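Okay, structure first, notes after.
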Amino acid sequence: MSDSSASSIIYIILELLIAVFSVLGNVLVCWAVCLNSNLQSITNFFVVSLAVADIAVGVLAIPFSIVISIGFCCNFYGCLFIACFVLVLTQSSIFSLLAIAIDRYIAIKLPLRYNSLVTGERARGIIAICWVLSIIIGLTPMMGWHKLTESDKKTCPPNLVKCLFEEVVVMDYMVYFNFFGCVLIPLLLMLAIYLCIFMAARHQLKLMEVKALHGEKSRSTLQKEVQAAKSLAIIVGLFAVCWLPLHIINCFTLFCPQCARPPAWIMYVAIILSHTNSVINPFIYAYRIREFRQTFRRIIWRNILGRQERFDRDGRVRSSTYNSITDSIRLKANSLSIDLFTDHSSNSSESGPAHISHVGGGLVAVSHPPLSVVISHCPLHALRQTQFPIGDHLDFTEQQQQQRDCAGPESVEDKGKENLSSAQLASLLNKRIKKSGFSELEKVS
């Protein structure tokens with residue numbers, strides 16, 4: 001086996017692996033944004049657009065690159081379309097990254113006007129414009145800026161050409177228009193934007209330290225914005241690192257035609273590096289952005305592996321002694337605070353207190369199943385967790401009888417005690433809810 005054949009086989013295997021991981025990783029990104037409402041922000045609209053472009057790289061662009069590297073015989077314009085398709089996706093990725101940079105710039109420089117300037121409708125319109133422009137820029141060679149190659153009668157039938165990238169796409173287009181105009185300029189703009197973002201954030205943080213402006217909450221919010229901007233800046237930097245080698249090789253090809261052509265394996269490495277960019281973004285999200293990391297974990301454990309781990313709404317694993325997924329309801333009304341739990345597990349045999357919280361100097365203990373609640377005004381050190389289903393009796397006692405109450409409802413004397421039926425309890429809770437401004441009790445998963 002010749003060196004070129006071995007290089008081709010290794011190249012094809014690596015490209016297929018990149019395609020698989022690119023599709024899986026970026027589908028996970030889109031899935032996470034759909035699943036977690038906390039990730040459904042304007043910025044992540046552009047992240048999803050970037051992920052869609054990377055999915056298309058794995059599904060279409062990489063197979064096209066493999067085919068065109070072999071040099072098969074096909075119609076000229078069919079070959080030209082295959083060669084240009086990856087340029088469409090590259091341009092879409094660049095525009096998505098530029099839109100993200102501008103979005104982060106507005107969020108940090110104009111935080112009070114961000115919600116009015118950056119809306120979901122405008123974001124969708126910008127994404128649509130980015131894709132239309134990407135298609136126009138990427139398919140420009142099909143409008144006439146191409147190298148019309150005559151049929152090679154020695155290797156291909158009449159009216160067919162041997163499909164190789166440099167045989168159909170001219171280097172003038174690749175260097176002057178595609179690289180200098182549509183890749184390098186946006187990358188420099190993004191560099192300038194992120195520098196402005198970090199300088200503005202640093203200035204605002206210094207003001208907060210000196211003048212104690214806006215409070216701790218605003219400072220925390222700004223730090224989160226800076227952290228997100230750092231993560232996105234890393235993505236831009238990796239994009240440049242992955243794509244610049246291939247464009248530099250194209251520049252040498254154009255500006256030094258008398259120079260020896262680089263070996264095939266160098267071209268393969270440059271192409272693989274450019275496609276690897278479609279794989280790394282999900283790993284950056286998982287490593288740098290906690291919300292993505294938690295949601296990825298939730299998807300992998302629950303939806304892919306089928307493990308019944310317990311997660312909260314953000315994807316974090318709950319620390320609990322129970323193995324079942326539990327829905328919870330928290331009720332607060334006029335110093336009355338109750339957590340209600342409804343167990344959906346069919347195999348759970350345990351029943352114990354699920355939550356204990358301070359309420360007006362006393363405590364509320366809740367257990368399940370069945371749905372039950374205990375209200376006590378005992379001090380924490382004296383509380384005895386007594387459980388009984390709603391519908392039996394609920395004892396309210398005077399503050400001066402706390403020591404006698406702590407022995408449990410079964411030992412409390414009749415004096416100062418009220419026994420409430422389930423209907424009376426429901427009426428009492430409804431009244432307190434209305435007084436506290438709650439019109440209804442909502443179930444939260």
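The values are calculated or read from the model by the stated rules, or taken from the named source; none is laboratory data. Quantities reported herein were computed from a predicted structural model and do not represent experimental measurements. Because the Cβ atoms are built from the backbone with ideal geometry, glycine has one as well, and the counts that use them run over all protein chains shown.
Of the residues in segment 4-18, not one is modelled with pLDDT of 90 or more and polar (S, T, N, Q). When we screen CYS30, CYS73, CYS79 for residues that are out of contact with any strand residue (DSSP E or B) (no Cβ under 8 Å at 6 or more places or on another chain), assigned by TED's automatic domain parsing to the domain that holds ILE106 and not hydroxyl-bearing (Ser, Thr, Tyr), the only hit is CYS30. Restricting attention to segment 74-94 and to residues that are within 11 Å of SER134 (Cβ to Cβ) and touching a Ser or Thr at 6+ places or on another chain (Cβ under 7 Å), the residue that is surrounded by the most Cβ atoms within 10 Å (Cβ to Cβ) turns out to be SER92. Check segment 95-102 and report whether any residue there is in contact (Cβ under 8 Å) with a residue 40 or more places away in the chain and touching a strand residue (DSSP E or B) at 6+ places or on another chain (Cβ under 8 Å). No, every residue in segment 95-102 fails to be in contact (Cβ under 8 Å) with a residue 40 or more places away in the chain and touching a strand residue (DSSP E or B) at 6+ places or on another chain (Cβ under 8 Å). Quick check on this structure: which one of ALA240, ALA233, ALA229 is modelled with pLDDT of 90 or more and assigned by TED's automatic domain parsing to the domain that holds VAL48? Criteria check complete, one pass: ALA240. If you filter segment 56-97 down to residues that are assigned to a helix (DSSP H, G or I) and among the polar types (S, T, N, Q), you find that the one that is farthest from ILE18 (Cα to Cα) is SER96.
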